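A quick write-up on the structure given underneath.
The values are calculated or read from the model by the stated rules, or taken from the named source; none is laboratory data. Small disclaimer: the values here were computed from a predicted structure and weren't measured. For neighbour counting, all protein chains shown are included, and Cβ atoms are generated from backbone atoms with ideal geometry for every residue, glycine included. What goes into the accessible areas is simple: the full protein's heavy atoms, side chains included, and nothing from ligands, DNA or RNA. Shrake-Rupley method; radii C 1.70, N 1.55, O 1.52, S 1.80 Å.
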Amino acid sequence: MTAVHVPGLPVIESGQLVSTSPATGVEAGRLPVATEADVREAVGRARAAGEWWAGLGFTGRRERLLRWRALLAKRIEELAELVHVEGGKPVADAIVEIVTAIEHIDWAARNAGRVLGPRRVRSRLILAEFSGHLEYQPYGVVGVIGPWNYPVFTPIGSAAYALAAGNAVVLKPSEYTPAVGQWLVDSFAELVPEQQVFTAVHGLGDVGAALCRSGVDKLAFTGSTATARKVMAACAETLTPVLIEGGGKDAMIVDSDADLDAAAEACVWGGMTNAGQTCIGIERVYAVDAVFDAFVDKVVARAGQLTVGPEGTDIGPITMPGQLDVIRRHIDAAITSGGRAVLGGPGAVQPPYVHPTVLVDVPEESAAVREETFGPTVTISRVRDADEAVTRANAVPYGLGGSVFGRRRAVAIARRLRSGMASINSTLTFAGMSTLPFGGVGDSGFGRIHGEDGLREFGRPSRSPGGGPARCCRR
Ligand code: NDP
């Protein structure tokens, strides 16, 4: 019997995971579903491959990772088209995503040796006759579980850093974007054919759960906070260390001396790129009273120009059909609790699309303000001053990123945000800056990808060889 395809909803047919375009329903990928035994075998093969890969040293790995980066750049259009078909995002957005991932591969490859390689550390008077030696050894096999919204950028944010540190990686891509995940591991295998250093296992959530219990030495998870709790519980059984990149409800603060045109442009880009399906997307704005009306007008004018549809538009379909109900519920809740739609509104949800929606006067208790919406919607609230903006911005359990527009007080305001990252007079930019760590606090998770901290996530501080304690030698 052939399953009925709801566009975008993955199905399992004869042991194969079939992904489809959320816009057209056309088949995008067909990959074998892994059993628990398959996952364990994949991890076993990765363990042997990891030893070989670690043995290449920083220089050997750097050379291969840089060739992989070059391959991605050469075939960027092919990969962007696959991301577009399987996840629905506009090709232009997919190109931006892949360029960012390429930047991270490049930086991780070039800097792993400097950050993780052997170095002497100073001793102090109490042990003056000894010298200290420190280096970061790879864990062995790192399991990476990824979401669908940035199916290239998010797994690479963990995998490239784990690989550069000398680990093998087993990736479990989202069931919505398995073909993109397979493309990544296949392209890597073209340049590293000797051993299965970077592989993928496919299936639904149970395959991710099996990966947590498979004996991996560390698990890097990116996805929703609800699933993160399950991942941590599964990893707790074996004390497998975890890195959690969870959901977000990022706020933008617009102070009285902000450049309102720039702030409005950033609000629309940060809130509505990738149809708002961005973990660090701007979902809430707090604008001080003096600039509130002018700011709202500018946001509405810009967002109202965005085009929506399957091809060549600014906003593509919502990737997960089920998310349409969440977005509708949040818009409805905002309106019934006294909010107003100054653009879009309940009629904006036209499956599989959601038109840009700007909501004002929404009570802070509303789901539209407190929960992750993951659609091209934004709430804008009037606040007395920057202090009130900070208090409200910090009043949700999430703490991923954030943005501040202003001049004199912007840095001081950003410092007070309870979040892992903040952009000043811009938005989302920290994600593309490979030198900065990326990660959240509270319900948004812990641990860091990207930058030096992101490399250290995937190495144990130890002596060489064999992962013993940091070395201390008599002079
Ligand atoms: P989910 O939490 O639904 O899924 C994430 C991954 O976990 C998928 O591969 C999923 O597999 C897998 N999974 C599901 N159940 C289990 C389980 N029991 N054990 C192990 N793995 C499991 O998130 P989405 O894919 O819907 O992604 C969207 C979410 O990701 C949003 O909350 C977003 O904010 C967050 N995100 C966070 C980022 C960050 O860096 N902090 C970046 C990007 C997104 P399957 O798909 O097969 O169910």
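Rg/Rh for the chain stands at 0.99; both radii use Cα atoms, and Rh follows the Kirkwood definition.
For region 351-379, there are no residues whose amide N sits under 12 Å from a probe point set 7 Å from the Cα of Asp332 along the beta carbon direction. Measuring between their Cα centroids, region 235-271 and region 346-371 lie 18 Å from each other. Within the shell of other residues whose beta carbon sits under 14 angstrom from the beta carbon of Ser21, the net charge comes to -2, with Lys and Arg scored +1 and Asp and Glu -1. Calculated over region 327-378, the projected area of the Cα convex hull averaged across directions stands at 2.9 nm².
Dipole magnitude for region 250-432: about 320 debye, using +1 per Lys or Arg Cβ and -1 per Asp or Glu Cβ, origin at the Cα centre.
Electrostatic bookkeeping for Thr227 treats Lys and Arg as +1 and Asp and Glu as -1; over the other residues with beta carbon under 13 Å from its beta carbon, the sum is -2. All Cα-Cα separations within region 250-432 were binned at 10 Å from zero, giving a P(r) of 11, 43, 37, 9, 0, each value a whole percent of the pairs.
Annotation note: trypsin sites (Lys or Arg not before Pro) in region 292-377 located in DSSP loop regions with a Cβ neighbour count of at most 15 within 10 Å are absent.
Rounded to the nearest Å, what's the spacing between the alpha carbon centres of region 107-125 and region 408-459? Just the number, please. Using only Cα atoms to place each centre, the spacing works out to 22 Å. Using 0.36 nm per residue and subtracting the Cα-Cα separation, the extra length available between Ile95 and Leu127 on full extension is 6.1 nm.
Carbon-plus-sulfur accessible fraction, the chain (probe radius 1.4 Å, protein heavy atoms only): 55%. Neighbours of Ile98, meaning other residues whose beta-carbon lies under 13 angstrom from its beta-carbon, give a summed charge of -3 when Lys and Arg score +1 and Asp and Glu score -1. Each of Glu194 and Asp453 was given a label point 7 Å from its Cα along the Cα-to-Cβ line. The distance between the two points is 3.5 nm. When both region 40-56 and region 153-175 are represented by their alpha-carbon centers, they are found 14 Å apart. Taking 0.36 nm per residue of separation and subtracting the current Cα-Cα distance, fully stretching the chain between Ala233 and Thr313 would add 24.7 nm.
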